[in-house]
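Values quoted throughout were computed directly from the atomic coordinates according to the rules given, and no laboratory measurement underlies them. Everything quoted here is computed from the prediction, not taken from an experiment. All Cβ positions, glycine included, derive from the backbone under ideal geometry; neighbour counts span all protein chains shown.
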Amino acid sequence: MKIEEIFESKFKCPKCKSERAIAKKIATTGTGLSKIFDIQMNRFLAVSCENCGYTELYNLNVIEKRRDTLSDILDFIFG
């Protein structure tokens, strides 16, 4: 199962309580030279509520390092 699918299946919006979500990987530039040369060093998973649009960002570097304990992390995040 892809990381996006895992987060979508566990999501519950803190604002409207909807359980429908869309998750996508995104990349952003940093500051300084990475911004000037458009080097996208920062990677995140954006999880958005399909009902109200509320979005949470999760650092993919942290999630991928902890992939073996992903279920523990998701239980902590989503309760």
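Would you pull out the residues with amide H under 5 Å of residue 50's amide H, same chain only if 5 or more places away, H placed 1.01 Å from N?
Counting only residues 5 or more places away or on other chains, the set is 20, 21, 22.
Hey, rough spin-label estimate for residue 26 and residue 62, points 7 angstrom out along Cα→Cβ, what's it come to in nanometres?
Calculated label separation equals 1.6 nm.
Mind ranking 12-22, 44-54 by how tightly packed they are, going by the mean number of other C-beta atoms within 10 angstrom, highest first? Working shown, then result.
On the way: 12-22: 13.6, 44-54: 16.4.
In decreasing order of mean packing, 12-22, 44-54 become 44-54, 12-22.
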